[in-house]
Amino acid sequence: MAKQPKDPKDEAKQDAEAPEEGAEPRREGRLSRLRFSKKKDMPGGLWLKCESCSEVIFRKELEEKGRVCPSCGFHFTVPGRERIAMLIDEGTWEELHTDLTAIDRLGFVDSSPYADKIERAMKRTGQSEALLCGSGRILGREVVVAILDFGFMGGSMGEVVGEKIALAAETAARDGKPLIIFTSSGGARMHEGILSLMQMAKTCAALDTLNQSGGFSICVMTHPTTGGVTASFASVTDLILAEPGALIGFAGPRVIATTLKQELPPGFQRAEFLLEKGMLDAIVARSEMRETLAKLIDYAQGPPSEVVPTPPRAERDVPATH
Ligand SMILES: [Zn+2]
């Protein structure tokens, strides 16, 4: 993890160390520093730089706009809890399987022990794992939802994430509800070795079982969705949607360019490019997500009975005359 300054004043302190040359040039220096410094340098700051249009945005304004850039419309990564709040009808969310936590089976140590990393992530996010799953309603439609939170170890998939996806698919099949998955992930959690890679097969099998039982599933890939998550459960649902501009891929573009020794086409691994190539079914703006999901659920499973009354049996059975 990058070292994170405790508050935005740290940025100001760095500027204060610059030689004093009068008010105006100093202010310019500060602005250019903001513009060209990396986003990770000011995670808790008042301002951040849009990674798409490079505009400096007031963080509060970005949050009020559902984390969509007010300048270019880029869809920033949304923390899991915030996604639930913007997606699920108020007061209907019931979280499931919060008792599942990762086990450091390999005693894995890199820059620090894996067990410590899990503990820190749990403390920081107030979550037991990277995947939040539960049931709720979207505009009145009952759904089972699974959301990968990038803020918990990069939304990486280990045993617990795999197990929770499988449990969510089983719940959806048992209750006859659609399964809606949102992904943002760096891929498989390497700290768990082969056990993390095994989740790719496991989650695909769980979604296949849901499919065999007549269930319906949608995955919404959000920025960024990469690695073993793209290459497994995120790509095998009935419908695959994405948010605009989302980076979606398996290996990173630099690795691919180096391996192929070729220049990559413009827009490579972005949602719009993948829609054109047939990997996605649709790109849906965040502001239209709830309405679109509700429409797709109705299309797959029929409209909810309390919203649209079912016509009487006799009328429906009248044979067509043409
Ligand atoms: Zn922007």
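The values are calculated or read from the model by the stated rules, or taken from the named source; none is laboratory data. Model, not experiment: these values are computed from the prediction. Cβ sites come from the backbone with ideal geometry, for glycine too, and all protein chains shown count toward neighbours.
So the check is Cβ under 6 Å with 6+ separation or different chains; which pairs have a first residue in region 45-69 that's among the polar types (S, T, N, Q) and a second one that's within 10 Å of the ligand (Cβ to nearest atom)? Listed by first residue and then by second, the contacts come to S52/C72; S52/F74. Which residues, taken from region 297-309, are surrounded by 10 or more Cβ atoms within 10 Å (Cβ to Cβ) and either within 17 Å of A234 (Cα to Cα) or modelled with pLDDT under 75 (or both)? Answer for region 297-309, where residues must be surrounded by 10 or more Cβ atoms within 10 Å (Cβ to Cβ) and either within 17 Å of A234 (Cα to Cα) or modelled with pLDDT under 75 (or both): P304, V307, V308. When we screen G107, G91 for residues that are over 30 Å from L179 (Cβ atoms), assigned by TED's automatic domain parsing to the domain that holds I248 and away from the ligand (no atom under 16 Å from the Cβ), the only hit is G107.
On the given criteria, is F76 within 10 Å of the ligand (Cβ to nearest atom) and either more than 20 Å from the chain's Cα centre (by Cα) or touching a residue at least 24 places away in the same chain (Cβ under 8 Å) (or both)? Yes. Count of region 96-140 residues, restricted to those that are of a type in the set (G, A, S), more than 18 Å from the chain's Cα centre (by Cα) and farther than 21 Å from A169 by Cα, is 4.
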